[in-house]
Amino acid sequence: MIWTIVEIEEAKCRLPREFAKYAKEKEITHYIKFFEQFNIKNGELYYDGEKISVFPKLAVFRGYVPELYVHLEKRGVRIINSAFTIDNCRDKLATKRILDKNGISSPKTLHYKTPITYKDICTELGTEFIVKDRFGRGGTATYLIKNESDLNKVLEKADIRRMLFQEYIKTSYGKDVRAYVVGSKIIATFLRADGHDFRSNITQGGKAFPYEMTKEQQARTLRINEILKGEIVAIDYLLGGDDLVLCETNSNPGVGYDYTMIGFDIPKMVFEYISEQYFTL
């Protein structure tokens, strides 16, 4: 049995619907569950008011509810991704720290707990830099700062403890490279580009194009996934001139875009991995 756990508003999104289709084809019991309907009371798990007595073999998380995935792991449910992977991908500062310790370079990044001035940041990062929410996703709460006024507008409405200040890689304006890693294999790599914004996220209007990584870049990508103990992870790179520069990682990558037009049916490839890894005798 598999649970795909999503927020209610994502019920009609592509991945849970595609998983349901592929599970039916392979005769694997599959349920779509909603985070909002779970409740933990006195050490027991309830769904829509009813106590759960039968747990799935596997649960695919499409969100972040720590108490739920910790509870399920204690019940022996295999979580994709694991609590370790989710925690270290969701928090961009945690990602930076764990990868730095393992020799994986990325743009210079600063984190402050108290107010900071534009001048102080410029001393470290130059006059243009990126500010992003360390827990943000889909390109939301990510800003290109070009002057003091830009910074003040962001900090007026942001909790500085949540924000990261990052070196701006100008050569990557409006484009990046995403690699999907499933298990220990790279199943897809593509360039994301947006001619109207510094962000390239598909959710922000970007489009995907075929991209081929070098063997060294592929090896680096698999090493990053190994460090993060990922099973289904997207690893994003900036275009740094002569080479790719790690930007961030995502344990809950978006799959709503139809990548089949560039040769990748990502939901199908992910489910094939799940089926072969956990439901093949």
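The values are calculated or read from the model by the stated rules, or taken from the named source; none is laboratory data. Predicted model, so just to flag it, every value in this text is computed and none were measured. For neighbour counting, all protein chains shown are included, and Cβ atoms are generated from backbone atoms with ideal geometry for every residue, glycine included.
What the table shows:
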| quantity | calculated |
| --- | --- |
| Any hit, the stretch 97-111, residues being surrounded by 14 or more Cβ atoms within 10 Å (Cβ to Cβ), within 19 Å of the chain's Cα centre (by Cα), among the hydroxyl-bearing types (S, T, Y) and more than 19 Å from E231 (Cα to Cα) | yes |
| Given (1) outside any loop (DSSP other than H, G, I, E, B); (2) free of Cβ contacts under 8 Å to residues at least 40 places away in the same chain; (3) more than 19 Å from the chain's Cα centre (by Cα), index of the condition L155 fails | (2) |
| Candidates A179, A219, A193 - the one that is closer than 24 Å to D242 by Cα and under 15 Å from the mean Cα position of the chain (by Cα) | A179 |
| 1 or more residues farther than 19 Å from N252 by Cβ and outside the structural domain of I235 (by TED's automatic domain parsing): qualifying helices (runs of 4 or more DSSP H) within the stretch 1-96 | 14-25, 66-74 |
| Yes/no for S200 being farther than 22 Å from K96 by Cβ and touching a residue at least 24 places away in the same chain (Cβ under 8 Å) | no |
| Of the criteria (1) of a type outside the set (D, E); (2) at pLDDT below 95; (3) farther than 20 Å from V6 by Cβ; (4) loosely packed, with under 14 Cβ neighbours inside 10 Å, which one T140 fails | (3) |
| Check on A59, buried (at least 17 other Cβ atoms within 10 Å of the Cβ) and touching a Leu at 6+ places or on another chain (Cβ under 7 Å) | yes |
| Residue match in the stretch 34-47 (condition: surrounded by fewer than 18 Cβ atoms within 10 Å (Cβ to Cβ), closer than 20 Å to P267 by Cα and without any contact (Cβ under 8 Å) to a residue 40 or more places away in the chain) | yes |
| Segments classed as strands (runs of 3 or more DSSP E), wholly inside the stretch 202-281, with at least 1 members that are modelled with pLDDT of 95 or more | 232-239, 244-250 |
| Filtered residues of the stretch 158-213 (kept if among the aromatic types (F, W, Y) and either under 27 Å from I121 (Cα atoms) or not assigned by TED's automatic domain parsing to the domain that holds F264 (or both)) | F165, Y168, Y173, F198 |
| Single condition I2 does not satisfy, out of (1) modelled with pLDDT under 95; (2) in contact with a Pro (Cβ under 8 Å, 6 or more places away or on another chain) | (1) |
